[in-house]
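Inspection log for the structure reproduced underneath, given as structure tokens.
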Amino acid sequence: MSLKKNTLSERLKTLRTRHTMSQQKLAENLNLSRELLSNYEQGRREPDYNTLILISNFFDVSIDYMLGVTEVEKRLLHKSVSDKYNCLMTDISGLSKESISELETYINLLKMRDEQAIKNKEKAKSS
């Protein structure tokens, strides 16, 4: 996969202007100099990883979007959900195969329960 070289600079400028922010105001919010931010927007410099994370957190977009890997701006999981997801995955990774199988069965039961609840709500609305 080839990435467009100036995707990051273009997206940074687009996000800033969409939020009607000057370079100075955004730089202050990110604790950067206006000159450095200008260099990022013009593609003369690229932010380090920490700064890239800071920018993506500020605009609530994914790093993949900032880098041009995806056209989807929004993160699929917000930080609080992501943290819970990571904890669950850590817990699951420590389970036996038998326990994982039981967990899959339980998840399917929960899905069926939720689907039935949705159907019941729709039925109640139409009555």
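Some notes on this structure:
- Any helices (runs of 4 or more DSSP H) falling wholly within the stretch 6-75 and containing at least 1 residues that are among the β-branched types (Val, Ile, Thr): 7-18, 49-59, 63-67
- Any hit, the stretch 106-115, residues being surrounded by 10 or more Cβ atoms within 10 Å (Cβ to Cβ), over 30 Å from Ile53 (Cβ atoms), more than 29 Å from the chain's Cα centre (by Cα) and modelled with pLDDT of 85 or more: no
- Some residue of the stretch 57-64 being in contact with a Pro (Cβ under 9 Å, 6 or more places away or on another chain), modelled with pLDDT of 90 or more and within 14 Å of Leu15 (Cα to Cα): no
- Note on the stretch 90-103: residues that are surrounded by 10 or more Cβ atoms within 10 Å (Cβ to Cβ) and modelled with pLDDT of 90 or more total 5.
- Residue in the stretch 61-81 that is of a type in the set (A, V, I, L, M) and in contact with a strand residue (DSSP E or B) (Cβ under 8 Å, 6 or more places away or on another chain) present: yes
- Of all residues in the stretch 37-77, those that are of a type in the set (A, V, I, L, M, F, W, C) and in contact (Cβ under 8 Å) with a residue 60 or more places away in the chain total 2.
The values are calculated or read from the model by the stated rules, or taken from the named source; none is laboratory data. Remember, it's a predicted structure, so these values are computed and weren't measured experimentally. Positions of Cβ are generated from backbone atoms using ideal geometry, with glycine treated the same way; all protein chains shown enter the neighbour counts.
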